[in-house]
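What follows is one structure encoded as structure tokens, with my remarks underneath.
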Amino acid sequence: STPSVPGGDNVKVEFEDGIAWVKLNRPTKRNAMDLNMSTEMNNVLDSLELDDRCGVVVLTGEGEAFSAGMDLQGFFRATDVMSDVERLRAQRENRNWQWRKLMWYGKPTIAMVNGWCFGGAFTPLICCDLAYADQDAVFGLSEVNWGIIPGGVVPKALSTLVNHREALYYMMTGEKFDGREAERIGIINKAFPKEELVAKTRALARNLLGKNPLVLRATKISYKHILEMSWEGAAEYLSAKGDQTTAADPESGRAQGMKQFLDDKTYKPGLGNYER
Ligand code: ACO
């Protein structure tokens, strides 16, 4: 039987040779994020983590937008009339996918910003491991433009990538900026012309699919943990994490890499991956 494809009315998943293209799918609402979308994204991320058809997640948007941020109707107005505990649960539903799951995800994640990206959309964007964008995509920390502070965890996420001046400038002015500027200030890895974006993203995903998945997972997760550690603590943790990764590696990558370089002389680690 054909395995089912996760997702629903608000999130579309397409598999392509190990890549799961996850599309926020409310194009007529510029993929604004409401509560139904959060529930679907939580389910999609949970299910893809254990799905062998997915080696890399690409998060993007259907239509003209990556995402126009939190839905002013379907999140803000909807939660305004809720009880305090219902609102807490709604916020938790957002937090779970927008940063908790993405930040510690068991597979590599790439955000592909194909268009509009505002406000709350910065959280999942920043919490993906890597990010590419259309050079003409329009980004904005537009919260101030409608009288709220950047909330959720947007300023915290921003502070991990962007310097103090840039963060305050864009949060305080609400000024929009394009993909080239997003690259300059470090929110994305690289901006490309629209017609190249999918191919460049696919090539990046394919590069990651060629790596040892356990080592890749330990690499990104350990990096995120050491950000909050002292030098001494980080050195001890990385030493232990390295040993743990080597011990747990079903393909013995470290031994393979050493053998193919030192004994077989069939490859150079500086120039590419060992033969898996
Ligand atoms: N919340 C709710 N509905 C939205 C949102 C949103 N964040 N963004 C777009 N929509 C809806 C519009 O209300 C409109 O609905 P309708 O067709 O039923 O009237 C539909 O999506 C299309 O939007 P338009 O404004 O007509 O599309 P356009 O392409 O002209 O503009 C743009 C796109 C610039 C993204 C504009 O929709 C916009 O400014 N959206 C709000 C962006 C924003 O500031 N988001 C941050 C929210 S703060 C936060 O996330 C915490």
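Throughout, read-outs are computed from the coordinates displayed, never taken from laboratory work. Fair warning: this is a prediction, and the values are worked out from it, not measured in the lab. For neighbour counting, all protein chains shown are included, and Cβ atoms are generated from backbone atoms with ideal geometry for every residue, glycine included.
The separation of segment 109-146 from segment 252-276, counted between C-alpha centres, amounts to 38 Å.
Out of all DSSP beta bridges with both ends in segment 1-138, state the antiparallel percent to the nearest 5. The partial results should precede the final answer.
Numbers: 6 of 22 bridges.
Counting DSSP beta bridges with both partners in segment 1-138, the antiparallel share is about 25 percent.
When the square roots of the Cα gyration tensor eigenvalues are ordered a ≥ b ≥ c, the ratio a/c for segment 165-223 is 1.5 or more and a/b does not exceed b/c, which makes its shape oblate. Counted over the chain, the DSSP beta bridges are approximately 30% antiparallel.
With one equal scatterer per alpha carbon and no solvent term, the Debye-computed log10 I(q)/I(0) for segment 23-66 at 0.18, 0.28, 0.34 1/Å reads -0.56, -0.99, -1.14. Oblate is the label for segment 41-97, because the ratio a/c of its alpha-carbon gyration tensor axes (a ≥ b ≥ c) is 1.5 or higher and a/b is not greater than b/c.
Per-residue ellipticity at 222 nm, computed for the chain from helices alone with -39500 (n - 2.57) per DSSP H run of at least four residues, works out to -12000 deg cm²/dmol.
Cα-Cα over 29 Å: which of LYS12/LYS190; LYS200/LYS241; LYS156/LYS220?
On the way: LYS12/LYS190 25 Å; LYS200/LYS241 32 Å; LYS156/LYS220 19 Å.
Going by Cα-Cα distance, LYS200/LYS241 fall outside the 29 Å limit.
For LYS268 and ARG53, the FRET efficiency from 1/(1 + (r/R0)^6), where r spans their Cβ atoms and R0 equals 25 Å, is about 0.15.
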